[in-house]
Ligand SMILES: NC(=O)c1ccc[n+]([C@@H]2O[C@H](COP(=O)([O-])OP(=O)(O)OC[C@H]3O[C@@H](n4cnc5c(N)ncnc54)[C@H](O)[C@@H]3O)[C@@H](O)[C@H]2O)c1
């Protein structure tokens, strides 16, 4: 690699674009901007106009903090072409049949893919099914850029674990799960988040394990804890050390993401 991302962090010359400035992206961009040059990119012109006036209608960040930040807010792709680290925090809603709507992730990946350069790192934070980053997003990045994954450019996944409106548990007070597409990038992603999350990070063994940990936490949070597929509130525990979440469906997805195609029936009985 020409620009070793690890040394980018050590030398503090990571240049970051946060794509999607909602509940998750704005607080993240604010914290990153205290340490790194940071551009906040969003398609919503009204949102960008308000942020330039220090107004956050999600009420996650107050006016004083917005006033003190030196983020560049933009709707223009030309303002993020010189960045070397892209963090994608766009929505992943479900449709009326509870199927995930992947369109925002496809659109953001297309935008980034068109401007991707050798040695760039793309980190996804949106909540996705295990395997989505490498099965769904990476092919879009490769197609749009003409570059090769894990040779020319690299990826990470670090799920956001906040709840909207919860001021007690925030980006800075919840252990951040990190992961990367190889060992060096996993270290880079982990160092990046360690530098802005005082309570620290948990480095998962793979992108798919980090994705699965987030899904398990959501099922646990929104369902009956006694019937949770995890049975344990700590996603780090769920995804590690064997990298095998307890829920049969997730086991299947993770196996699939690792290229170990097991029949669903087998996964179903493996506990
Ligand atoms: N809200 C939360 O507390 C929370 C917690 C954990 C995880 N998440 C996950 O984080 C992700 C983001 O959620 P959110 O609540 O911040 O969403 P949000 O709807 O508040 O904000 C998303 C922003 O992305 C912008 N956007 C959409 N498509 C875009 C594109 N192609 N390019 C640039 N910008 C684009 C939208 O205009 C919007 O401002 C989702 O996957 C969500 O499931 C959210």
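Residues in the stretch 34-70 that are touching a strand residue (DSSP E or B) at 6+ places or on another chain (Cβ under 8 Å) and closer than 19 Å to residue 112 by Cβ: 8 in all. Condition check: over 20 Å from residue 32 (Cβ atoms) and assigned by TED's automatic domain parsing to the domain that holds residue 60. Does residue 160 satisfy that? No, not satisfied.
Within the stretch 79-119, the set of residues being within 8 Å of the ligand (Cβ to nearest atom), assigned to a loop (DSSP other than H, G, I, E, B) and within 12 Å of residue 19 (Cβ to Cβ) comprises 89, 90, 91. For the stretch 136-169, filtered to residues that are touching a helix residue (DSSP H, G or I) at 6+ places or on another chain (Cβ under 7 Å) and in a loop (DSSP other than H, G, I, E, B), the residue that is surrounded by the most Cβ atoms within 10 Å (Cβ to Cβ) is 158. Considering 35, 49, the condition of being assigned by TED's automatic domain parsing to the domain that holds residue 66 and away from the ligand (no atom under 14 Å from the Cβ) is satisfied by 35 alone. Remark: residue 211 matches the filter, which requires a residue to be at pLDDT 95 or above and either in contact with a helix residue (DSSP H, G or I) (Cβ under 8 Å, 6 or more places away or on another chain) or under 25 Å from residue 28 (Cα atoms) (or both). Every listed requirement among (1) farther than 22 Å from residue 15 by Cβ; (2) surrounded by fewer than 23 Cβ atoms within 10 Å (Cβ to Cβ); (3) under 17 Å from the mean Cα position of the chain (by Cα) is met by residue 110 save one, (1). Residues in the stretch 183-224 that are touching a strand residue (DSSP E or B) at 6+ places or on another chain (Cβ under 7 Å) and not in a helix (DSSP H, G or I) were compared, and the one that is surrounded by the most Cβ atoms within 10 Å (Cβ to Cβ) is 204. Cβ separations smaller than 6 Å between residues 6+ apart or across chains give the following pairs from the stretch 11-24 residues that are farther than 12 Å from residue 84 by Cβ and more than 6 Å from the ligand (Cβ to nearest atom) to residues that are at pLDDT 95 or above and part of a strand (DSSP E or B): 18/40; 18/87.
Scanning the stretch 138-170 for residues that are under 22 Å from residue 201 (Cα atoms), within 17 Å of the chain's Cα centre (by Cα) and within 14 Å of the ligand (Cβ to nearest atom) yields 157, 158, 159, 160, 161, 162, 163, 164, 170.
For residues that are within 28 Å of residue 183 (Cα to Cα) and buried (at least 23 other Cβ atoms within 10 Å of the Cβ), scanning just the stretch 1-22, find the one that is modelled with the lowest pLDDT. Result: 5.
The values are calculated or read from the model by the stated rules, or taken from the named source; none is laboratory data. Every value quoted in this text rests on a predicted model; they were computed, and no experiment measured them. Here the Cβ is made from the backbone with ideal geometry for all residues, glycine too, and neighbour counts use every protein chain on show.
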